[in-house]
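A short write-up of the structure that comes next.
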Amino acid sequence: MTQRWTVAVDPKVCVRTGLCVASLPAAFERDEQGQGRARAESVPASEEVLEIAESCPVEAI
Ligand code: SF4
């Protein structure tokens, strides 16, 4: 069974760079205010998701 991770963006921390959305649009989207948010509560575990989370400049993911 594939491991799944819970993914969330803290809206109080996100500064709307759009980096996560540009890097992995399958997992992230912008909300009405332009903030990043996860498209689903959980995603299949992957290096890509981990890299995106680590590359958020304000550690909002
Ligand atoms: S990379 Fe971080 S700061 Fe930029 S939109 Fe995504 S969650 Fe927000």
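Every read-out reported here was derived from the displayed coordinates using simple, explicitly stated rules and does not represent laboratory data. Note that the coordinates shown come from a computational prediction; the quantities given were computed from them, not determined experimentally. Using ideal geometry, Cβ is built from the backbone for each residue, glycine included, and neighbour counts are taken over all protein chains shown.
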Q. Taking only pairs six or more apart or across chains, which ones have beta-carbon atoms under 6 Å, a first residue in segment 49-61 that is more than 13 Å from V7 (Cβ to Cβ), and a second residue that is within 9 Å of the ligand (Cβ to nearest atom)?
A. V58/V13; V58/V15
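Just to check your reading of the model, which residue among A26, A60 is within 8 Å of the ligand (Cβ to nearest atom), in a loop (DSSP other than H, G, I, E, B) and at negative phi? Don't jump to the end; show me each part of the working.
Values: A26 fails: within 8 Å of the ligand (Cβ to nearest atom).
Of A26, A60, the one residue that is within 8 Å of the ligand (Cβ to nearest atom), in a loop (DSSP other than H, G, I, E, B) and at negative phi is A60.
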Q: Quick one: E32 ticks every box in (1) within 14 Å of the ligand (Cβ to nearest atom); (2) in a loop (DSSP other than H, G, I, E, B); (3) within 10 Å of the chain's Cα centre (by Cα) except a single one, so which number is it?
A: (3)
Q. Within segment 2-15, is even one residue over 11 Å from the mean Cα position of the chain (by Cα), loosely packed, with under 14 Cβ neighbours inside 10 Å and of a type in the set (K, R)?
A. yes
Q. Can you name the number of the only condition in (1) under 10 Å from the mean Cα position of the chain (by Cα); (2) among the charged types (D, E, K, R); (3) near the ligand (Cβ under 10 Å from one of its atoms) that R39 fails?
A. (3)
